[in-house]
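The values are calculated or read from the model by the stated rules, or taken from the named source; none is laboratory data. On a predicted model such as this, the values are computed, not experimentally measured, just so you know. Note that we place each Cβ from the backbone using ideal geometry, even for glycine, and neighbour counts take in every protein chain shown.
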Amino acid sequence: MTSLLKIENLSAKAGGKEVLKGLSLTLNAGEVHAIMGPNGSGKSTLSYVLAGRPGYEITGGKVEFMGHDLFAMAPEERARAGMFLGFQYPVEIPGVNNVYLLKAAVNAKRKATGQPEVDAYEFLQLVRAKMKLMQMDESFLSRGVNEGFSGGEKKRNEILQMLVLEPALAVLDETDSGLDIDALKVVARGVNSLRSAERGVLLITHYQRLLDHIVPDHVHVLARGRIARSGGKELAHELERRGYDWVLEVA
Amino acid sequence: MIALPTQRDENWRYANLRPLAKASVEAVAQRDPPAVELPPPLAGFERWVFVDGRLSSGVPAGAVARLLDARTAGAAFAAQLDDSIASAGVDFALARINAARGDEVLHLALPDSASASVEVLFIATAPGASGTSYPRLQVHAARGARLHLVERHLGTQGADSAVNAAVDLALAADAMVQHARVQHAGDSAACFDTLVAHVGERACYKLQTVMLGGLASRSTLFIQLAGRAARCELTAAAVANGIQTHDVFAEIEHAAPDTVTRELFRGIATERGKLAFNGKIIVRENAHESDSEQSLKSLLTGSGAEAAARPQLEIYTDRVRAAHGATTGKLDDQMLFYLLSRGIERPTAQGLLQWAFIEDAVSRVTPAALREVIERAVVKRLSDVASLDGLLVSP
């Protein structure tokens, strides 16, 4: 099995405070891993460190992404190599329209791999098909990126971008937060449609309910900056029953 | 001898007057107009072309506008000087120099309920040492007239031309003037202008101004909402790259009840560019129920870039609505990271965000053919065109 993501003993600081303290995790192609954990355990920090957001200091350990040293890559290089971060709070960018962002992103990736730019017509057909899957109205295409979108619309838009970009590894940071059950199902359907033997998904979530719809291969509990416990999908149910305190006590 | 303002004068603190002061104050001498490349004509617009302040094209067939000798036009120009303008003092010095030195005036008088579309190109080619160009436009829109006016200042790349333009407009009751103004002179030019508009009852003056070229530019605008329910919509966009300075002083006077102002400025200063927008709104005693909104924003993207956006309000009555906001900031880190996380190259991402910032002020320009020209010129100043190609094509 090829490992897509290999995190070894990762430590990182956010705002001068150590948040990740020796985290290790290996995610192989074809796998879906869920990372669960209480608030403040370092879940979002992990996702931002992986995507390369400024403001985080790596204080120890290493991360390999598809065999490359992740921290030697700029955020845009990580994305073009196949990493995708689904934001917990997608950013509104008025004035940059949604379809332009999608196209610029796809073309940046194609350029990096020596492919010609996408055909405008075919691209639009593809985006339309994916929007249908995400139950998004076509009017979203011409609107500013996330501009005036509701919380649920923003999350769908994240998944739409993911479907269009077809990343090797999707890191989804609390994509389920703020979604009602119908929207959750739509988002889950989008994620599931991307599952394949070549891809991996790292689902970061606070609640177990997302995992009823996107069934993970592995579940990890993040506590105090490291993986406190790992197991199969049944671990999520156990957590739901016993609460995070149970893991914290054990840890 | 009329003295130029200096940076010690209150409303000129941010202006760069040196290039203008260095040029010869004489009008550029009459000569055979040099061959210049003109932008494609705008469909449906009557076109006039002036080179170095003098008519270079023929008079268009069936023209609405006509050319006047500056001596004949002088009185008409002065007639626009109401009390507030007369007291403007040094702020009006450049207009007085224009009136004293210029030779030709393009006079545009629209009769009652008439409508017209006119494009005027002012092209500067002469070096400053051989004189200053004094373009001058007069507009009278009679009752109910509608005018779409395009005023473009262009120039020879590399020439340190000096331009001192003056425009005065009078809008009678119910008139509508839509005025698109583009300063896209050569990068070494000095472009100065003074604009006076007198807006009558229920008349509407829409001014969309875009400043891109020139080493130093300064627009001095005096707009008087003189009649009940007169309206002004002022939109200004500026991009200052390298060591460019763009400075706008806009005074809008609410001198009648129910008058409305909508003012929007978006400016980007990169490298060591400097921007200033001084938006002064005066609400007179009788201008009750007047309503003004100002939104002034500048974006700095260079370590040596500077911007000063100043809203100023002088209100002499109660019962008014006056909203204003001014911000100066840098590119939003979160927006930038979001775009990078999608694989978009950093320069493209920065260009996109700059475009998104200024787009508000550019998208209102009409006609669409001119807007496209401006959009391309703006994008070219923000980033390499290729990486932003497709951005301008609306889906």
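Here B:ILE344 fits the description: on the phi < 0 side of the Ramachandran plot, facing another protein chain (nearest Cβ under 7 Å) and modelled with pLDDT of 90 or more.
Could you please let me know if A:ALA34 is facing chain B (nearest Cβ under 8 Å) and touching a residue at least 24 places away in the same chain (Cβ under 8 Å)? Write out each step before concluding.
Details: facing chain B (nearest Cβ under 8 Å): no; touching a residue at least 24 places away in the same chain (Cβ under 8 Å): yes.
In short, no.
Summed over the stretch A:23-58, residues that are surrounded by fewer than 18 Cβ atoms within 10 Å (Cβ to Cβ) and of a type in the set (A, V, I, L, M) total 2.
Of all residues in the stretch A:144-151, none are of a type in the set (A, V, I, L, M), without any contact (Cβ under 8 Å) to a residue 40 or more places away in the chain and surrounded by 15 or more Cβ atoms within 10 Å (Cβ to Cβ).
With a requirement of 2 or more residues that are within 18 Å of B:THR348 (Cβ to Cβ), the strands (runs of 3 or more DSSP E) lying completely within the stretch A:32-139 that satisfy it span A:93-97.
Residues in the stretch A:59-80 that are within 9 Å of chain B (Cβ to nearest Cβ), surrounded by 17 or more Cβ atoms within 10 Å (Cβ to Cβ) and of a type in the set (A, V, I, L, M): A:ALA79 only. Here the condition is being in contact with a Pro (Cβ under 6 Å, 6 or more places away or on another chain), within 9 Å of another protein chain (Cβ to nearest Cβ) and within 25 Å of A:LYS17 (Cβ to Cβ); of A:GLY52, A:GLY144, it holds for A:GLY52 alone. Inspect the stretch A:210-228 for any residue being under 19 Å from A:TYR89 (Cβ atoms) and within 14 Å of the chain's Cα centre (by Cα) and give the result as yes or no. Scanning the stretch A:210-228, I find at least one residue that is under 19 Å from A:TYR89 (Cβ atoms) and within 14 Å of the chain's Cα centre (by Cα), so the answer is yes.
What's the total number of residues in the stretch A:166-183 that are of a type in the set (A, V, I, L, M, F, W, C) and surrounded by 21 or more Cβ atoms within 10 Å (Cβ to Cβ)?
In the first step, residues of the stretch A:166-183 are kept if they are of a type in the set (A, V, I, L, M, F, W, C); the result is A:168-172, A:179, A:181, A:183.
Add one more test, that the residue is surrounded by 21 or more Cβ atoms within 10 Å (Cβ to Cβ), and what stays is A:169-172.
Looking only at that region, the number is 4.
Of everything in the stretch B:225-238 that's under 13 Å from the mean Cα position of the chain (by Cα) and not acidic (Asp, Glu), which residue is nearest to B:ARG272 (Cα to Cα)? I'd like the intermediate steps shown before the answer.
Pass one, the stretch B:225-238, residues under 13 Å from the mean Cα position of the chain (by Cα): B:233-238.
Narrowing further to those that are not acidic (Asp, Glu): B:234-238.
Details: B:LEU234: 27, B:THR235: 24, B:ALA236: 20, B:ALA237: 18, B:ALA238: 14 Å.
It comes out as B:ALA238.
B:THR301 meets all of the listed conditions (1) closer than 30 Å to A:LEU172 by Cβ; (2) in the same structural domain as B:CYS191 (by TED's automatic domain parsing) but one, namely (1). Out of curiosity, is B:ALA162 crowded, with 20+ Cβ neighbours inside 10 Å, in the same structural domain as B:GLY214 (by TED's automatic domain parsing) and touching a Gly at 6+ places or on another chain (Cβ under 8 Å)? Spelling it out, B:ALA162 is indeed crowded, with 20+ Cβ neighbours inside 10 Å, in the same structural domain as B:GLY214 (by TED's automatic domain parsing) and touching a Gly at 6+ places or on another chain (Cβ under 8 Å).
Residue pairs whose Cβ atoms lie under 9 Å apart, separated by 6 or more positions or on different chains, with the first residue in the stretch A:53-70 and over 8 Å from A:LEU5 (Cβ atoms) and the second of a type in the set (Phe, Trp, Tyr), are A:ARG53/B:PHE337; A:PRO54/B:PHE337; A:GLY55/A:TYR48; A:TYR56/A:TYR48; A:ILE58/A:PHE71; A:LYS62/A:PHE71. Close contacts from the stretch B:19-30, counting a first residue that is over 10 Å from B:GLY131 (Cβ atoms) and a second that is modelled with pLDDT of 90 or more and among the aromatic types (Phe, Trp, Tyr), with Cβ to Cβ under 7 Å and a gap of 6+ residues or different chains, come to B:LEU20/B:PHE192.
When you look at A:ASN9, is it surrounded by fewer than 17 Cβ atoms within 10 Å (Cβ to Cβ) and either in contact with a helix residue (DSSP H, G or I) (Cβ under 8 Å, 6 or more places away or on another chain) or part of a loop (DSSP other than H, G, I, E, B) (or both), yes or no?
Details: surrounded by fewer than 17 Cβ atoms within 10 Å (Cβ to Cβ): yes; either in contact with a helix residue (DSSP H, G or I) (Cβ under 8 Å, 6 or more places away or on another chain) or part of a loop (DSSP other than H, G, I, E, B) (or both): no.
It is false that A:ASN9 is surrounded by fewer than 17 Cβ atoms within 10 Å (Cβ to Cβ) and either in contact with a helix residue (DSSP H, G or I) (Cβ under 8 Å, 6 or more places away or on another chain) or part of a loop (DSSP other than H, G, I, E, B) (or both).
Scanning the stretch B:168-182 for residues that are touching a Lys or Arg at 6+ places or on another chain (Cβ under 9 Å), small (Gly, Ala, Ser) and either part of a loop (DSSP other than H, G, I, E, B) or over 18 Å from B:GLU372 (Cβ atoms) (or both) gives B:ALA172, B:ALA173, B:ALA175.
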